[in-house]
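Data first, discussion second: the structure below is written as C-alpha cells.
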Amino acid sequence: MTARRTEIVYRICWTIALLLLAVPFIFPFLWMISGGFKSTTEIFGAPTLIPRVWRFENFVEVFTYQPFARQYFNSLYIAATVTVLTLFIASLAGYALARIRFAGAGLLMLFLVMALMVPEEVTIIPNFFLIRAMGLIDTHWPLILLPVFGPQGVVATFLMRQFFLALPKELEDAGKMDGLSRFGVWLKIALPMSRPALAAVAIITFLHSWNLFLEPLIFLSSLEKFTLPLALSNFNDSYGLPLWNLQLAATSLAVVPILIIYLIAQRQIIESFALSGVKG
Amino acid sequence: MTKVLLKGIRKKFGAVEIIRGVDLDIEDGEFVVFVGPSGCGKSTLLRLISGLEHISGGELHIGGQLVNEVPASRRGVAMVFQSYALYPHLTVRDNMGFGLKVRKVPASERARRVSEAAATLKLEPLLDRFPRQLSGGQRQRVAIGRAIVGNPDVFLFDEPLSNLDAELRVHMRSEIAALHQRLSTTMIYVTHDQIEAMTLADKIVVLRDGRVEQVGTPRDLYDSPRTIFVAQFIGSPKMNILPLADGGPIAPGASVPATAISVGIRPEHLSLGKSSNSTLRGKVRLAEYTGAVTLLHVELDGGQTCLVIQNQGPAPETGAEVSLQADPGRLHFFDREGQAV
C-alpha cells in the first residue's frame, strides 16, 4: 500500500512538473486561437485569453479576403505530392545505395551528403535561373521539384539508406529464393518492413513542404497560386500593416493538418527526429 | 532423381578465393552435412549451390542440369536460414505461401499445400500468427514449412539450429531427421556442431580453407580420419595427438608405420593403467566431472596435455600421478604432412 501511495505521489508530482513545463509551449498556441476570435482592438487592448466578444466572422473573412481555400488546397496537394514522390524516389535510391554493390557507391553517398552542407540561400539564385529557363516561374513545379530532388530529398534518401542497411540481409535472400526480382524484393519485403522509416520520412517531408516560405515567395506571384505560408503573410491592410486577427485566424486553420499528423503519428515523429538528428 | 554434382567449384570475393576447387557428388535423397571451422567456406558453398552467390569457376549440376547461371528460384532448391528469415509483416500462412504466390500458383492450390505442410509440421494452430508471436522452435518449424511447400528437389539448411537453446536443438534435430526420412529429399546441411553432423548425416563433408578435407560417413570420419585436421575436428572431446617419441610407449606391441611421426588417440580409448604396462606417465591437472564420465586433463612428463575419458571407478584427485595406456588397435598414425599412414 505504501509503495502504491508513493507511486501515486510520484506520478502527481511528475504530471504537475510536466504541465508547468508545457505552459510556455501551449500558451502561445492558445493565444493564437484566442486572437483569431478577437477584433484587432481587443488584441491590442487589455490582454485576455478568452475573447470578450467572439468574432466568428474573422474565419469567414479569411476566405473572402483572398482565395484562402484555393491556397489551402495548393499547400495540401503540393505537400502530398512532394511527400509521395520523395518516399518513392528516396526509398528506391536509399535501397540502391544500401544494397546494390556498384563502383563509387560510397563516393556517391559522400557527394550527396556534401550537397547538404550548401545552404539553400546559396542555391536559390541559380535555381531561380534554372526554373526560369524551364519556363516554370509562377507554377507549382519548383515547389515540388526542388524539395524532391534537393537537400530534403537527400536527407530522405540518407534516412532510408541507413534504415535499409540495418535490415537483415537474409530476408532479402529468402525473397530471392522465393523468386522475387531485385525490384520485387524492394517492393514486397524491404518497403513493408521499413514502415517506421517511411513514416518518419513522410512526416519530415510533409512538414518541410508545408512550412516552405522562401521558394514560394520567389517563384510565385499569382494570389491563387500562393501556398499557406505566403498567404498568411498577405493578410495586410491597405497600408501594408498586418491584420492580426485575420492572420491569427488563418494560422489557426493552417495548423490543423499538422495537428492531425502529430496526433496520429506522435510516436513516429519522435522516432523520426531521433533517426534524423533533426530538431523539431 | 536429384543428384547434386560439384565439379571444381570456385568462389572469389575480389582477390580473395574463399572456395578453392570443390568436387563433390551428392546422391539423390542423401543427407549431406558440411562441417568445418569458422571461415572454412561451408556457408559460402551452400550459398553457391542455392544460387544466392555467383559461382566464379567450375560447374554445378542439380538433377543432371548445369545450373551455374540459373537463378536461385529456378534451381528447385529451398533454403532454411540461420535466422529463420521469416517476413515479419506476414502471418505464418502468408510466409509459407509467399514463394508460391510469387510463382503465381493458384490460391486454392496454395492453400492446399500450405495446410499440408502445416499439418506435417504441426503448425495449424499458428497459421494466423505473426512471426513475432512465435517461440524460437516454432519459428524454425515455420522456416522449414516455408521450404517444404515449394516441393523442392533439394533442401539447404544453413546452421538452422544454432539460434535455439540446447534442449530445443536436440528436439529439432530429431524433427529434421524424421522429416528427411519422410520426404527422402536430398538435403544439404551446414553446421559447426559436430553432434548435429554425426547424428544427421549420411555423409559428412569436412571443409578446411575452402577445400574438401575428407568426405565420408560419420563412422568413416571418426574411425579412419585421413588427416590430423579431421581427426581433431571430428569427435568431442577432440583426439589427442602426441609426438611419436612421447606417445609411442602408450601401447606397447602396436605396429608403428615407418613414416609416422605422431600418434592420435581418442580420449575414450585411453585408460588409466598400471605403470608396468605403460611408460606414459603424467599428473592430473584437472578433472571435469560431467555425470556420466569424468574428463581428465593429464599433463604428461614431456609437457603435453592429454585428455582422458574415465567412465568407471572413482576419478583420481587433481595432482595425482597416473599412467596411461590404450588399445593398440585404436591408434591413428600420421606422417610429417599430417596425413594418416
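The values are calculated or read from the model by the stated rules, or taken from the named source; none is laboratory data. Since the model is a prediction, treat every value here as computed from it, not as a measurement. Please note: Cβ atoms are built from the backbone with ideal geometry, for glycine as well, and neighbour counts cover all protein chains shown. We work out accessible area using only protein heavy atoms, side chains counted, and drop any ligands, DNA or RNA first. Shrake-Rupley method; radii C 1.70, N 1.55, O 1.52, S 1.80 Å.
Observations, loosely collected:
- For the stretch B:100-125 versus the stretch B:22-79, the gap between their alpha-carbon centres in whole angstrom: 26 Å
- Longest exposed-site-free window of chain B, the sites being GluC sites (Glu not before Pro) in a DSSP loop that have at most 16 other C-beta atoms within 10 Å: B:70-316
- Hz values of 3J(HN,Hα) by residue in the stretch A:55-62 - Karplus curve (6.51, -1.76, 1.60), Gly and Pro given as x: 9, 5, 5, 3, 6, 6, 4, 4
- Within the protein assembly as shown, antiparallel bridges make up roughly 75 percent of the DSSP beta bridges whose residues both belong there.
- Of interest is the spacing of the C-alpha centroids, which for the stretch A:1-58 and the stretch B:154-184 amounts to 63 Å.
- Among beta bridges identified by DSSP and lying wholly in the stretch B:97-233, the antiparallel ones come to about 50 percent.
- Chain A - percent relative contact order, Cα under 8 Å, separation 6 or more: 30 percent
- For B:Thr227, the residues 5 or more places off, or on other chains, whose built amide H falls under 5 Å of its own are B:Ala340.
- Rounded if a/c under 1.5, otherwise prolate or oblate - chain A, Cα gyration tensor axes: oblate
- Model label points for B:Phe13 and B:Ala111, set 7 angstrom from Cα along the Cα-to-Cβ axis, are 4.5 nm apart.
- Only aspartates and glutamates eight or more places from A:Lys38 in sequence, or on another chain, were considered; those with a Cα closer than 20 Å are A:Glu57, A:Glu61, A:Asp237.
- Amide H to amide H distances under 5 Å link B:Arg208 with B:Glu213, where only residues 5 or more positions off or on other chains count and H is placed in the peptide plane.
- By accessible area with a 1.4 Å probe, ligands and nucleic acids excluded, highest first: order of A:Trp141, A:Trp31, A:Trp210: A:Trp141, A:Trp31, A:Trp210
- A Förster radius of 56 Å combined with the Cβ-Cβ distance from A:Met117 to A:Arg52 puts the calculated FRET efficiency at roughly 0.60.
- Loop chymotrypsin sites (Phe, Trp or Tyr not before Pro), the stretch A:51-152 (other Cβ atoms within 10 Å of the site Cβ: 15 or fewer; DSSP): A:Trp54, A:Phe56, A:Phe102
- 0 to 90° range, to nearest 10: angle between helix B:136-149 axis and chain B longest Cα axis: 60 degrees
- Rolled with a 1.4 Å probe across the full set of protein chains, the surface gives A:Leu130 an accessible area near 90 Å².
- B:His54 accessible area, assembled protein chains, probe 1.4 Å, Å²: 100 Å²
- Checking the Cα-Cα distances for A:Lys188/B:Lys104; B:Lys203/B:Lys238; A:Lys176/B:Lys122; A:Lys188/B:Lys12 against a 24 Å cut-off, the pairs over it are A:Lys176/B:Lys122; A:Lys188/B:Lys12.
- Cross-link partners of B:Lys101 among aspartates and glutamates, defined as those whose alpha carbon lies under 14 angstrom from its own and excluding same-chain residues fewer than eight positions apart: A:Asp178, B:Glu109.
- Nonlocal amide H pairs with B:Ile18, under 5 Å, H built at 1.01 Å: B:Lys11, B:Lys12, B:Phe13
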